[in-house]
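The values are calculated or read from the model by the stated rules, or taken from the named source; none is laboratory data. Remember, predicted model here, so these are calculated numbers, not experimental data. Note that we place each Cβ from the backbone using ideal geometry, even for glycine, and neighbour counts take in every protein chain shown.
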């Protein structure tokens, strides 16, 4: 038998003919191709416009219905002396903390108890999770480290819940100087220039907190005494021991007869501000009104169904409905349940 061999040059010839045909089509219909390319450019322009509009949207924490109005002031938090220091441990850079790097810190003649980045993590979560932030009254959060590095945290950023992920974010921030939103150019965290007072509003009152302060006040009364036209700036220390003494503070106060953690101090501040601005009451009243309306509508619907059943004399179906309502079966499942053979 003779082995069949393919003719040399046949496939190449077919390919050349195919390319020649495509070139002929392009030469014949240049206007048609131009009309096809033109809408794609317009579509690209629309996508660019959508992208530009998208950069203005908030990424991160889904803020609740905010009560931002023209004449409403907000609050600014400043965390001083935050223990956020990066060092090369072994072959990689890490955010130093007292649990994982105690031996490394002792070898370098440093006190491990002073390295507590978890305090800054707890304080940021307390601020960003507060109703004050969700109501849109938080203007900004600034953090200054023990080494003097100042960075800004946007109110709508979503801080990681676990410390391990938080340390990775802080490591990236202190090395690259900013962290942008996924798929967008907005900088959620960024290192900025000192001093922090350059970023305060004109009419602002800077309030510092210290257990050693002789001015012991009740936070709710102190906040209520401040006028609505004043922007409040609260300065809290994010350190394990010691006190903060920045030169820009207008008033030093103490809000407890006992030493409080920074997170507890923030909780008391945000609670007092929520009472001052009535953040809880308005949303609660609306929720109660909606709940009462739903209950009344359900009651009317049940009454209407009972009257129809009495008129039609459908006692069996009424009995079935009573059983189903008492066992909390939904109306969607009732249609299937009614036709089931008993």
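Report, by residue number, each residue of region 204-257 that is within 28 Å of the chain's Cα centre (by Cα), under 20 Å from residue 83 (Cα atoms) and assigned to a loop (DSSP other than H, G, I, E, B).
Selection gives 238, 239, 240.
Spot the failing condition for residue 212; the list is (1) surrounded by fewer than 11 Cβ atoms within 10 Å (Cβ to Cβ); (2) under 22 Å from residue 154 (Cα atoms), and only one is missed.
Just one mismatch for residue 212, condition (2).
Any idea how many residues of region 107-133 are within 30 Å of residue 277 (Cα to Cα), out of contact with any strand residue (DSSP E or B) (no Cβ under 8 Å at 6 or more places or on another chain) and part of a loop (DSSP other than H, G, I, E, B)?
1
Taking the residues in region 261-279 that are farther than 11 Å from residue 122 by Cβ and outside any helix (DSSP H, G or I) as candidates, determine which candidate is modelled with the highest pLDDT.
277
Consider region 134-167. How many of its residues are in contact with a strand residue (DSSP E or B) (Cβ under 9 Å, 6 or more places away or on another chain) and in a helix (DSSP H, G or I)?
Within region 134-167, residues that are in contact with a strand residue (DSSP E or B) (Cβ under 9 Å, 6 or more places away or on another chain) and in a helix (DSSP H, G or I) number 2.
Just wondering, is there one or more residues in region 192-205 that are surrounded by 14 or more Cβ atoms within 10 Å (Cβ to Cβ), assigned by the TED database to the domain that holds residue 234, without any contact (Cβ under 8 Å) to a residue 60 or more places away in the chain and closer than 30 Å to residue 257 by Cβ?
Yes, that holds for at least one residue.
State which residue is surrounded by the fewest Cβ atoms within 10 Å (Cβ to Cβ) when the search covers only region 147-173 and only residues that are closer than 23 Å to residue 200 by Cα and more than 15 Å from the chain's Cα centre (by Cα).
148
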